[in-house]
1. Given the structure, is V35 touching a strand residue (DSSP E or B) at 6+ places or on another chain (Cβ under 9 Å) and aliphatic (A, V, I, L, M)?
2. Somewhere in segment 186-198, is a residue under 16 Å from the mean Cα position of the chain (by Cα) and of a type in the set (D, E)?
3. Got a sec? Which of I61, I83 is under 29 Å from T149 (Cα atoms), open to solvent by 50 Å² or more (accessible area, probe 1.4 Å) and assigned to a strand (DSSP E or B)?
4. What number of residues within segment 64-80 are touching a residue at least 12 places away in the same chain (Cβ under 8 Å) and open to solvent by 40 Å² or more (accessible area, probe 1.4 Å)?
5. Which pairs have Cβ atoms under 7 Å, sit 6 or more apart or on different chains, and link a residue in segment 170-185 that is touching a residue at least 12 places away in the same chain (Cβ under 8 Å) and more than 14 Å from V159 (Cα to Cα) to one that is of a type in the set (G, A, S) and open to solvent by less than 40 Å² (accessible area, probe 1.4 Å)?
6. I'd like to check something: does segment 207-224 contain any residue that is closer than 17 Å to G62 by Cβ and either modelled with pLDDT of 90 or more or β-branched (V, I, T) (or both)?
7. Within segment 155-177, can you find the residues that are more than 17 Å from the chain's Cα centre (by Cα) and either among the β-branched types (V, I, T) or closer than 11 Å to A145 by Cα (or both)?
8. Determine which single condition R90 fails, assuming it passes every other condition in (1) farther than 21 Å from W169 by Cα; (2) open to solvent by less than 30 Å² (accessible area, probe 1.4 Å); (3) in contact with a helix residue (DSSP H, G or I) (Cβ under 9 Å, 6 or more places away or on another chain).
Amino acid sequence: LASDASELGKITSLLRTAIRTIVNAAVRRRAHVLVLPEWSLLPEQLAWVMSRAADARMLTIGGQTPDTTAGTYANRIWTGVPIRDSGGHRACLVPPPRQKRYLSPHEQVQLETVGLTSAAEAQTAIPAYRWRDTNFASLICFEFADISTRQQLRAIADVITVSSLNMDWRYFDAVQDATTRDSYSLTVCVNTGEYPGTRIMRPTKSETSSVASVHGSEIGRASCRE
């Protein structure tokens, strides 16, 4: 789309409006945590999103729209941790964004087709942050499919978030069930509204483990169950 300024502008405008709507709704509802999908945050909108997170004291996690520099494809995730000093001043701690470590086979084929290389570094450790006495770590889509990554998080995270853009939601549902029980952690998997697969799971007995879920479809319709 880089060569089609008109189409790119339309998509960017729709995305910017959607993110503003979602963030403002979360603030109005006094949400403590907001997790956005992969490919959802525009670089020029990051400052505004993190400012809103600081004002509302709302932990915010989301994937940046991808970018390509000198033939290298980057897919990053951002985290905003709200803080308040002794004087009551609010701010948002924003660590450097983390690059997605693993690409799906479909992504790899797409990049090879257009002659791009990925900035992914599989050996980079996934950081865990502490907020409101809770340790959390965040993954980007296909990273969730890696067993060793999930094992690493078992020892460091009480909450695991996954920002995804994923059609293979049945597989991710199975992975989320296993991770919730094997790691005994709360898991939050957020997909685009076009597909099913957005769920919050807690490590309890089966009939109470699903806290909330949003199941969309390929035609964009979604129903919510809480």
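1. Judged against the criteria, V35 is a match.
2. Yes, segment 186-198 contains at least one residue that is under 16 Å from the mean Cα position of the chain (by Cα) and of a type in the set (D, E).
3. Numbers: I61 fails: open to solvent by 50 Å² or more (accessible area, probe 1.4 Å).
From the options I61, I83, the qualifying one is I83.
4. Total satisfying the criteria: 6.
5. Correct list of pairs: F172/S164; F172/G197; D173/G197; V175/A145.
6. So far as segment 207-224 goes, yes, one or more of its residues are closer than 17 Å to G62 by Cβ and either modelled with pLDDT of 90 or more or β-branched (V, I, T) (or both).
7. First, the residues of segment 155-177 that are more than 17 Å from the chain's Cα centre (by Cα): 155-156, 170-171, 174, 177.
I156, Y171, A174, listed by residue number.
8. (2)
The values are calculated or read from the model by the stated rules, or taken from the named source; none is laboratory data. This is a predicted model, so every value here is computed, not measured. Glycine gets a Cβ as well: all are built from the backbone with ideal geometry, and neighbour counts include every protein chain shown. Just the protein is used for accessible areas: all its heavy atoms, side chains included, with ligands, DNA and RNA removed. Shrake-Rupley method; radii C 1.70, N 1.55, O 1.52, S 1.80 Å.
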